[in-house]
Amino acid sequence: MGIVLRTILIVLVSCFANLAMAQERPLVHKINGKKYYLHVVEPGNTLYGISRTYEVSITDIQASNDEALVEGLKVNQTLLIPVTSENRKSLPEVVQDENVIVHTVQPGQTLYSISQEYNCTLDDILEANPVVRESGLQANAKIRIPTEKISVESTLVEPAAADSLLGHKVQAGETLYGIIVKYNTDLPAMSMANPGLTADLRVGSVLRIPGTSVKPVETIAIDTVDSAISAHIPDSAGVYRIGLLLPLNPKFPDSSNRHDFRIDPVSRIALNYYRGFNYALDSLDAKYNTRFQIHVYSASNDSSSLNKVFRDAYFDSLDLLVGPFYTSQFETTADKLLQKGVLNICPINKPSKILFKRPNTIKTTPSESMQISAMAEFAAVEFSDSNLILVNSNKFQDTQNIEFFKDRYAQSMGVPDTFIEDAITEIKLWDITNEALKMRFPDTGDYVLIVPSKDQVFVTKLLAGLYEFTIRTKESYRFVVYGLSEWSKWEEGLDVKQLHRLNVTIPMTNHIDFADYKVSQFYTKFYSDFGYEPTDFTVQGFDHCSYLFQVLSESPQQWFESPEEFQYNGVGANYNYRRVLEDSGIENQAVRFYEYDQFQLKLIGEWPSIKTK
């Protein structure tokens, strides 16, 4: 599986790297209708210190960067700092290192007001600043505030964790494509290393570059191991120890009233997933000559409950782990299991970054990039002789998808990137009128439109415009519009007549198709056994357990070594994995294409095409 144990290094880096606010006020950026400063995290920064630098509350910073701060503060992160009435005109000069925050005294400030600002005592300030004790507080003087004395949550004054990857600071005029070419990487890898990445790069922000490493000031090698860590192969014939790590914890009420008992939404999803997994165990046990020993762990979204799982004696003997649900917990668990070569399956949809540098991880739900890749490959095979048009919304947030589609389409067609413009026609539409459409489509006939847009307003206008255009031209045009799976969430805002007239087709990864005999059979039997219908997550649990039964009964050793070589057709989804980066995990690339036809969603194709076992 290529899990490599790399040389362990001690990196000796100066711990006094300071970040000082420039004398001029930072630029204001308007993002999603709100105004922000961009702050690039440097060594020694703390979340508390950043909040004081910009005179904004920690809560506001966390709310504006909820995804970026899931794993804590890290060097090279670009944080969005809300612009407020307090920090719009002037910003105080606050210098940070790992141990202290250096505060510049403003006219009118007193020791008491400063101690209240930093939640510390007067004695703490005086002890760290003997000159103030002797000469008193002077305006514009710089005083030291020890971070260990600040009375806030410890994580808020912890210095930013070092980044293992090289950071690239975006300069004026640079594009995402140019940076990718410069560092000889690709878009999926960049997306993994930079969650939430868009083509709308902002000057001054920092991108993490996959496949690189930060050059240390001095390194001392402790140990060097040239051999690779072998994938964990169970030694017990036909018996596999599988762990399920799920947030099953119910919230017990203080009262004895049973109606006060509640199961939160995440635990409800976990419970339904477990029901499906367990149902597969009961249904398929007699079919396969394979035995599973299941150990179920329950952990809420905190480190203490996860550490409790790690201390369990049975945990170290697992052959495979499914879960946990939460992104930070999954990454922590996968890192721990990586040292033993134990595979870790992510059971629900999570960002692709969980796979980065974790070759033992398996992501069961295709990301948006993987869906677009499948759409490009599918189009190259199915529509090479058709009037294939790539529709560009001219929106910044869609440019990444456009470029990614063109790159994958060129690879599938076997043409160099420099000839991609000849391989597929791209049109930009911002004024969607009958006249504009007539200009873009001068010839009548059939067209296949690829619209990888996430802008609901644009998509709504486009479908309405195309619908009216086909009516006015007396159906001398026939359009088939390919969109994104996200469009299925907008059904209430989209006109059903337009979806069907335009043969809108979208890639879907976990869709319950009741026209499929296998699905109807599953639902009928489940209802017969339990008296209620399964949920989508019940089907996912069933599919994942069924997949494990099949691969571990056919070629267990080969699967543990190279799980990406196995395919499976499930009830709700197909499973066909790809390792995008050599030293990272594998991701399901299988999608099903459904077309709105005769007021139904009909399956018209699967990619990659796999045979039903």
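The values are calculated or read from the model by the stated rules, or taken from the named source; none is laboratory data. Since this is a predicted model, take the numbers as computed values, not measurements. A quick note on method: Cβ atoms are made from the backbone with ideal geometry, for glycine too, and the neighbour counts reach across all protein chains shown. Protein only, heavy atoms only, side chains kept; ligands, DNA and RNA dropped before computing areas. Shrake-Rupley method; radii C 1.70, N 1.55, O 1.52, S 1.80 Å.
Structure values in brief
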quantity	calculated
Filter on LYS454/LYS518; LYS350/LYS454; LYS357/LYS428; LYS169/LYS454; LYS340/LYS363 - keep pairs with C-alpha separation over 29 Å	LYS454/LYS518; LYS357/LYS428
Percent RCO, i.e. relative contact order, over the stretch 472-613, from Cα pairs under 8 Å lying at least 6 residues apart	23 percent
C-alpha center-to-center spacing [the stretch 457-504, the stretch 268-310] in angstrom	42 Å
Accessible heavy-atom area order of VAL102, VAL309, highest first, probe of 1.4 Å	VAL102, VAL309
The stretch 332-382, relative contact order in percent, only Cα pairs under 8 angstrom and at least six apart counted	32 percent
Under Karplus coefficients 6.51, -1.76 and 1.60, residue-wise ³J(HN,Hα) of the stretch 170-177 in Hz, glycine/proline x	5, 9, 4, x, 6, 10, 4, 4
ALA139-ASP431 FRET efficiency (beta carbon distance; Förster radius 56 Å; 0.05 resolution)	0.45
Full-extension gain in nm, ASN119 to SER384, via 0.36 nm per residue minus C-alpha separation	88.8 nm
Residues with amide H under 5 Å from that of LEU390, placed H, sequence gap 5 or more	THR425, GLU426, ILE427, ILE450
Under-5 Å amide H pairs with GLN293, H placed in peptide plane, nonlocal only	TYR240, ARG241, ILE242
Most to least accessible of THR444, THR361 (protein chains only, probe 1.4 Å)	THR444, THR361
Rough spin-label spacing in nm, given labels placed 7 Å along Cα→Cβ, for PHE514 and ASN289	4.1 nm
Sites ILE58 and SER562, calculated FRET efficiency, Cβ-Cβ separation with R0 60 Å, nearest 0.05	0.85
Relative contact order %, the stretch 403-508, counting alpha carbon pairs below 8 Å whose residues are six or more apart	25 percent
